[in-house]
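Data block below; observations after.
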């Protein structure tokens with residue numbers, strides 16, 4: 001009975017969203033306050049109804065109600081509780097229910113925290129947000145119903161994909177969806193501003209918190225996915241330029257550009273049309289990612305579905321929202337004229353360059369991701385675009401971005417001076433070069449990639465610190481330290497986020513350039529050397545887990561006279577899913593990771609083994625965490641939380 005009620009609640013939410021799309025728009029157009037006020041209770045009702053549906057589906061997974069087709073296909077009684085819960089979104093139908101739940105949550109948040117918005121703008125934002133919900137409610141109800149019943153309930157289920165039975169993948173999709181769907185709010189603000197015919201400094205201030213929240217959640221979600229790929233797939237890598245990875249990376253890049261361009265709108269009332277376009281494209285790339293993951297047109301190790309019918313539906317949603325918003329964008333070009341002028345050398349120009357580099361890099365990723373599909377449809381050729389293309393085409397833009405980032409942060413608004421901005425960074429440039437030379441000497445000149453990463457990392461981190469220090473003004477050390485501590489949280493958040501980017505750049509370059517690898521067939525009791533470590537395969541045994549059997553090895557690693565390190569890699573087999581997974585043994589460290597993988601038994605009685613020494617691997621995810629923390633710190637800035645600021649009309653409203 002609960003399942004049927006949950007299905008009915010989802011249908012009711014569909015109806016409420018449809019009303020929320022129409023009524024507030026009419027009210028805003030006519031100036032009817034009562035009709036505009038309808039948006040708030042409608043948004044809350046949506047959240048309650050979808051929340052109930054989602055809670056019922058989660059309950060069905062927890063109690064193993066195999067009369068529900070989705071539970072039968074993605075769960076098992078022997079599965080641990082965490083993976084029963086994560087099984088709710090570890091499939092297509094359940095993940096789409098999570099998607100609309102987050103859509104409803106963001107709509108409700110706009111109703112709760114939008115008290116400072118003009119009535120008409122708030123009504124239009126909530127109406128546009130509800131229109132997105134309408135599209136995805138229709139998608140779920142007509143093509144992906146999660147509440148279908150089986151005629152007879154089986155005794156047990158078919159289990160969740162073993163690759164998804166992992167803590168990293170339990171939390172990765174919710175964070176990723178919070179980012180994906182969070183960009184729907186920037187889209188709603190952009191379309192509402194176009195309908196209203198007003199894009200001004202106040203709009204720039206209002207849209208920033210939503211962009212920042214979405215970017216922060218995307219950062220965490222991408223980092224969790226990268227971390228999962230590193231330790232779960234057993235390949236020893238952190239990023240493979242997989243289509244699904246790219247699907248989340250493209251909106252992250254566009255959202256980063258949007259964050260910076262919105263600052264220019266707020267401070268200088270310029271770049272309006274570009275910022276609106278970025279807000280539209282950010283959500284457009286989120287929809288494109290949804291299409292890539294769920295249509296089956298591009299294969300991936302962690303795509304959700306392979307159903308062309310669903311893909312066509314999502315493509316239709318993408319076409320309606322992206323095409324409609326771009327048409328409106330073209331029609332409203334006159335209301336987005338820039339009010340402020342700025343010189344070639346200025347902070348505005350630096351932010352424009354920042355935007356160009358981020359947007360072009362996103363376009364490069366887009367071309368590399370979608371080109372195999374275009375080649376097959378247009379030319380009948382099967383092509384594969386892999387890491388060599390992305391590394392060669394994408395990296396130069398990120399290098400250039402890292403170079404200009406500290407310099408651009410020190411330029412003045414409207415008209416700056418390169419010589420003045422350069423002077424505080426002279427010592428930092430010397431320090432960066434010295435650190436690069438030191439690492440080049442330590443690693444015996446094996447690669448220029450590592451020292452280049454050191455140089456860029458120190459340059460970006462140091463630039464963020466210098467920028468913060470200069471904001472404290474002149475005076476004695478104690479006075480300046482006191483002023484630094486009293487700086488707005490937005491300044492601190494910017495510093496932490498930029499420093500996180502520098503740390504990640506260093507981690508990626510160092511791990512890629514200086515990692516050591518050994519692949520061999522090892523006998524039990526045999527020892528071998530990799531780098532400065534001596535590894536010994538001590539034992540291999542069969543172990544029974546809760547819903548899998550495991551070939552578990554015991555490996556000892558020792559360095560000189562130091563205490564030995566015991567590592568336990570596994571090769572698991574899940575009988576219900578008839579699937580094997582690799583569980584790498586990783587000894588994490590600040591300066592390096594030891595990474596051991598056990599493979600299949602060989603005919604001579606030995607076992608295939610892979611051993612890696614990965615310098616500074618954890619700095620990659622440490623930098624991502626710093627970026628997310630920086631976003632969170634900025635989000636708590638009073639100026640953003642209350643979205644106060646000049647609400648002066650920068651344009652004449654469209655007739």
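Computed from the coordinates by the stated procedures, all read-outs in this text should not be read as laboratory data. Remember, predicted model here, so these are calculated numbers, not experimental data. Neighbour counts run over all protein chains shown; Cβ positions are idealised from the backbone, glycine included.
Just a few scattered comments:
- When you count the other C-beta atoms within 10 angstrom of each residue and take the mean per peptide, 493-502, 9-18, 396-405 line up highest first as 493-502, 9-18, 396-405.
- Every pair of different Cα atoms in the stretch 130-212 enters the Kirkwood calculation, which places the hydrodynamic radius at 16.7 Å.
- Anisotropy class of the stretch 200-271 from Cα gyration tensor, a/c 1.5 cut: prolate
- Extension gain, residue 376 to residue 400, is 5.3 nm, computed as 0.36 nm per intervening residue step minus the present C-alpha separation.
- Normalised by the number of residues in the stretch 225-292, the mean separation of alpha-carbon contacts (under 8 Å, six or more apart) gives a relative contact order of 33 percent.
- Prolate/oblate/rounded call for the stretch 303-460, Cα gyration tensor, a/c under 1.5 rounded: oblate
- Prolate/oblate/rounded label for the stretch 314-397 (Cα gyration tensor, a/c 1.5): oblate
- Model label sites at residue 600 and residue 539, defined 7 Å from Cα along the beta-carbon direction, differ in position by 2.6 nm.
- Spread over its residues, the convex hull of the C-alpha atoms of the stretch 1-160 is 93 Å³ per residue.
- Across the chain, C-alpha contacts under 8 Å between residues 6 or more apart give a mean separation that, scaled by the residue count, equals a relative contact order of 13 percent.
- Segment residue 158-residue 78, length gained on full extension (0.36 nm per residue, minus Cα span): 27.7 nm
- Relative packing of 144-154, 588-598, which averages over residues the other C-beta atoms within 10 Å, highest first: 588-598, 144-154
- Reciprocal mean inverse distance between Cα atoms of the stretch 517-615 - Kirkwood radius, Å: 13.9
- Inter-centroid distance (Cα atoms) of the stretch 504-539 relative to the stretch 36-70, Å: 48
- Equivalent ellipsoid semi-axes, the stretch 1-84, via Cα gyration tensor eigenvalues times 5, rooted, Å: 38, 11, 8
- Quick note on the stretch 398-477: its Rg to Rh ratio, both from C-alpha atoms and Rh being the Kirkwood radius, is 1.05.
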